[in-house]
Number of protein chains: 2
Amino acid sequence: MPQHLIRKLEQFTRLCHEDRCALVETANQRPRLYGAHQDIIREGDTPEHVNLILDGWACRYKTLENGRRQIISFFMPGDLCDPHIFVLREMDHSIGAITPVRFAEISRAAMMRLTDRHPRVTRALWWETLVTAAIQREWTVNLGQRTALERLAHLLCELFIRLRAVGLTDGDSCLLPVTQVDLGDATGLSNVHVNRVLQELRAAGQIALKGKRLTIPDLEALQDVALFNPNYLHLDREGRHLDANQTVEHTPG
Amino acid sequence: MPQHLIRKLEQFTRLCHEDRCALVETANQRPRLYGAHQDIIREGDTPEHVNLILDGWACRYKTLENGRRQIISFFMPGDLCDPHIFVLREMDHSIGAITPVRFAEISRAAMMRLTDRHPRVTRALWWETLVTAAIQREWTVNLGQRTALERLAHLLCELFIRLRAVGLTDGDSCLLPVTQVDLGDATGLSNVHVNRVLQELRAAGQIALKGKRLTIPDLEALQDVALFNPNYLHLDREGRHLDANQTVEHTPG
DNA sequence: CGGAAGATTGACGGGCGTCAACCATCGTGG
DNA sequence: CCACGATGGTTGACGCCCGTCAATCTTCCG
């Protein structure tokens, strides 16, 4: 069940029953289960499917000749890996499982069937693609301009809010199943420094992080630390004029 | 005349006469001319057009509350600013002119007319969009994992190859109309350090940079310095099976 | 219970930022 | 044609943020 994807797309616009059924049907084909640290797709491969994450976390990454690794983005449940990838002949990066991952392999034909018949879903997938691009741009800002403290705080804010958008938070806490090495590879920091900065955030009461559970007692405070502006996530139902149930645009005054 | 865009799209697939005419017609509407350092669109604005750069350079950027600026990407002639932006309600970043810029404002209707009638162009614009995303990912890697020297060398390699793809290089040199402050804002380095690294590259004979002219006597050598792998630019006519003149897929022999 | 993966700590050093001064270049107007 | 101011480039001094290395501790899982 792609409930996380549906929930995410409904951050953009409300879907009708048929839209949801089509998504369920599309996501039920070709289920896959990969173990932690396995590669789902490798740089140089020919893209054959769109992968829809159903459970677990994965990441895009690149490894340089000198062995250093950069995590380019995180995938969580509800995320689609490259919905329009078929135009390219060859992957320029790898996608690997962080935790055990359950995902659906969606064929090109199934994607076309879905989008041909469900224009509202098509628009919502467009929105998803554009938000993904916006996240990538924000990572550029994060790596280029923020200090280690701001950078990690920013990443934690983003991940928490994205998890909340797919229904995977529990009050002010969520599961964060990544190692400090992963956080370092994503933020361009060494694992040692990640450790120190996390302790600093803990000492300041900005976060609690124990086991794989992250708690953010005061999200606004953490956003202030991070210079975090959530506008790039475009989460305020921007496509409400497309709502399946014909919501009236203006609010009564 | 959008000759740079046409030339770029033909890195992906060859276009027919009608395709090119449609592009010319689309680009001839609503010409604009902005001075250096003027904003073309600001964070918070509602996107109304797709901007096609005809002459000059621009950039995407964000400014943080603390005043620091990150250049998120460079736009050069032939580049489209956000071909699918209409799905979003509000810009999450700004676009500013670096040099005086001549560009075409393409309306939503004009974009739809173009893509409805010219599927080969549509595919090529898709490819352009995906390459733009790939560039953004590579910038993430650049900022996260490369040293200042590698980082600047990588940026120069990328810009040179992109300029070459639109016909704006002259042998081993090109115009690079950006200041060292701009290079710093794009690479997350201070202008002072940019200056030192450029001198290091000059001293090693890897580049010549005088006035606004960049010369790269040995591009492969600079790529080695930069840990540069051009695969993310997807420039080897990946859509050749769509060629307007029906090129046969296999090569003889 | 044992081994591996992950987290933590300390010592040390270097890459790169900051500050501040000075030089070079260029467009503009008198 | 040159003066001049603004913008951009260059240099040096200084120091801190964060990387590296290496040891140790904790957690987890079979």
Original post:
Computed over the Cα atoms, what is the radius of gyration of segment B:66-148 divided by 2.2 N^0.38 Å, N being its residue count?
Top reply: 1.29
Original post:
Cross-link partners among lysines for residue A:8, C-alpha distance below 25 Å, same-chain residues fewer than 8 apart left out?
Top reply: A:212
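How big is the convex hull of the Cα atoms of segment A:147-226, per residue, in Å³?
On the way: hull volume 6.4 nm³, N = 80.
Taking only Cα atoms, segment A:147-226 has a hull volume of 79 Å³ per residue.
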Subject >> Exercise: per-residue mean of other protein chain Cβ atoms within 10 Å, B:63-75 >> reply: 4
Subject >> Among beta bridges that DSSP assigns inside the protein assembly as shown, antiparallel share in %, nearest 5 >> reply: 100
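Okay, helix-only estimate at 222 nm for chain B: each DSSP H run of n ≥ 4 adds -39500 (n - 2.57), divide by all residues, round to 500 deg cm²/dmol; what do you get?
For chain B, the value works out to -13000 deg cm²/dmol.
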Original post:
Each label point is 7 Å from the Cα along the Cα-to-Cβ direction; what then is the distance between the points at residue B:221 and residue A:63, in nm?
Top reply: 3.1
Original post:
Label-to-label distances across copies for residue B:28, with labels 7 Å out along Cα→Cβ, in nm, shortest first?
Top reply: 5.4
Subject >> Cα-based Rg and Dmax for the protein assembly as shown, where Dmax is the largest Cα-Cα distance (Å) >> reply: 22.6, 75
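Mean Kyte-Doolittle of at least -0.5 plus a Cα span of 20 Å or more along the axis: flag which DSSP H helices in chain B meet both, please. The partial results should precede the final answer.
Values: long enough: B:119-145 (39 Å, -0.17); B:148-165 (26 Å, 0.79).
Those that clear 20 Å and a mean of -0.5 are B:119-145, B:148-165.
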Subject >> Copies compared at residue A:42 - label distances in nm, ascending, label defined 7 Å from Cα in the Cβ direction >> reply: 5.1
Original post:
Per residue Cα convex hull volume for segment A:1-146, in cubic angstrom?
Top reply: 113
Original post:
If r is the Cβ-Cβ distance from residue B:21 to residue B:105 and R0 is 22 Å, what FRET efficiency results, to the nearest 0.05?
Top reply: 0.65
**OP:** Give me the orientation-averaged projected area of the Cα convex hull of segment A:12-76, in nm², one decimal.
**Re:** 6.1
Original post:
Which residues' amide hydrogens lie under 5 Å from the amide hydrogen of residue B:213, considering only partners 5 or more residues apart or on another chain, with H built in the peptide plane?
Top reply: B:176
**OP:** Kindly give the distances from residue B:204 to its copy-mates, label point to label point, with each label point 7 Å from Cα along Cα→Cβ, as nm values to one decimal ordered shortest first.
**Re:** 3.6
**OP:** Please list the radius of gyration and Dmax for chain A, considering alpha-carbon atoms only, with Å as the unit.
**Re:** 18.5, 61
Subject >> For residue B:45, distant residues with modelled amide H under 5 Å away >> reply: B:91
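Quick note: the coordinates plus some simple rules give every number you see, no bench work behind them. Since the structure is predicted, the reported quantities are computational estimates derived from the model, not experimental observations. All Cβ positions, glycine included, derive from the backbone under ideal geometry; neighbour counts span all protein chains shown.
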